[in-house]
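Asker: One structure follows; several queries about it will come next.
The values are calculated or read from the model by the stated rules, or taken from the named source; none is laboratory data. Values in this document were obtained by computation on a predicted structure and should not be read as measured data. Glycine gets a Cβ as well: all are built from the backbone with ideal geometry, and neighbour counts include every protein chain shown. Keep in mind that these areas ignore ligands, DNA and RNA; they rest on the heavy atoms of the full protein, side chains included. Shrake-Rupley method; radii C 1.70, N 1.55, O 1.52, S 1.80 Å.
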Amino acid sequence: AQSVTQLDSQVPVFEEAPVELRCNYSSSVSVYLFWYVQYPNQGLQLLLKYLSGSTLVKGINGFEAEFNKSQTSFHLRKPSVHISDTAEYFCAVSLYNQGGKLIFGQGTELSVKP
Amino acid sequence: DAGVIQSPRHEVTEMGQEVTLRCKLISGHNSLFWYRQTMMRGLELLIYFNNNVPIDDSGMPEDRFSAKMPNASFSTLKIQPSEPRDSAVYFCASGTTGNTEAFFGQGTRLTVV
């Protein structure tokens, strides 16, 4: 079975500061890895995904994530955040060829303050 | 493309009533996923279909929940009878066979009083 742990439930940060949202996963087989963002009262939007290849993945809105197989981590980073990045962020995994069958972490609430 | 369309966006109903949530897939997609989001359990997969056939319904909480795909582009999730603990946001998502991602709708916020 697979599981996902997001290590921080809330991350407050000031505008233009860098941020890292941490995600660890557990799986006995290879998986796809995803980060989704959810703005208030909205659905989930895909930020980025890791399928294979280069371990550094770039996504939308200036976010990037690095896959680390030895540490089973997939941390999300942004060098300079904006107020508009305030949202809930979800890390998720899926098995190969089952990209919609997702197992989510509990979410990290990113709060960007002026 | 309009994306995945869910209706209604909000539903308030009394305990014991039947509730039907609706989802229209993105044109050309053949996989359909229903998720539920609650504070206590987070986001969890209820059921998913491929080519109109239910593949995995192990996440459906109990027999009060049922899901169908009457055609290739449309799905319903029915709760009968509804209970206050069913209050949650229900999302559907669509994709394609062998897909690497799912596209989510805006969700239906269900409140059972």
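Asker: How far is it, in nm, from the label point at B:ARG22 to the one at A:SER28 when both lie 7 Å from their Cα along the line to the Cβ?
Answerer: 4.4
Asker: Based on the Cβ-Cβ distance of B:ASN51 and B:LYS78, what FRET efficiency does E = 1/(1 + (r/R0)^6) give at R0 = 30 Å, to the nearest 0.05?
Answerer: That gives a FRET efficiency of 0.90.
Asker: Express as a percent, rounded to the nearest 5, the fraction of DSSP beta bridges in chain B (both residues included) that run antiparallel.
Answerer: If I count the DSSP bridges inside chain B, around 90 percent turn out antiparallel.
Asker: Could you tell me whether region B:1-44 comes out rounded, prolate or oblate from its Cα gyration tensor? Rule is a ≥ b ≥ c as square roots of the eigenvalues, rounded for a/c under 1.5, then prolate if a/b exceeds b/c, otherwise oblate. Please list the in-between numbers first.
Answerer: Details: a/c = 2.46, a/b = 1.51, b/c = 1.63.
Oblate, because a/c is 1.5 or more while a/b does not exceed b/c.
Asker: What FRET efficiency do you get for A:LYS58 and B:THR38 if R0 is 35 Å and r is their Cβ-Cβ distance, rounded to the nearest 0.05? Please report the intermediate quantities before stating the final value.
Answerer: Details: r = 32 Å, r/R0 = 0.92.
Rounded to the nearest 0.05, the efficiency is 0.60.
Asker: For region B:61-113, what is the accessible area per residue in Å², given a 1.4 Å probe and the full set of protein chains?
Answerer: Each residue of region B:61-113 exposes 41 Å² on average to a 1.4 Å probe.
Asker: For A:VAL11, list long-range residues whose amide hydrogen, built 1.01 Å from N in the peptide plane, is under 5 Å from its own amide hydrogen.
Answerer: A:GLU109, A:LEU110, A:SER111
Asker: How much area per residue is accessible in region A:30-114 when the probe is 1.4 Å and only protein heavy atoms are counted (Å²)? Please list the in-between numbers first.
Answerer: Numbers: 3700 Å² over 85 residues.
It amounts to 44 Å² per residue over region A:30-114.
Asker: What distance in nm separates the simple spin-label points at A:ALA1 and B:GLU14, each placed 7 Å from Cα in the Cβ direction?
Answerer: Result for the modelled spin labels: 3.9 nm.
Asker: To the nearest 100 Å², how much accessible surface do chains A and B hide from each other in total, with a 1.4 Å probe?
Answerer: That pair of chains buries around 1700 Å² in total.
Asker: Taking the simple approach of a point 7 Å from Cα along Cα-to-Cβ for both A:LEU51 and A:ALA17, what is their distance in nm?
Answerer: That separation, rounded to one decimal, is 3.7 nm.
Asker: Whenever you get a sec, compute what percent of the accessible area on the protein assembly as shown sits on carbon and sulfur atoms (1.4 Å probe).
Answerer: Numbers: 5510 of 10940 Å².
So the carbon and sulfur contribution to the accessible surface is 50 percent.
Asker: Please report how many Lys pairs in region A:58-114 have alpha carbons closer than 24 angstrom, counting only residues at least 8 apart along the chain or sitting on separate chains.
Answerer: 6
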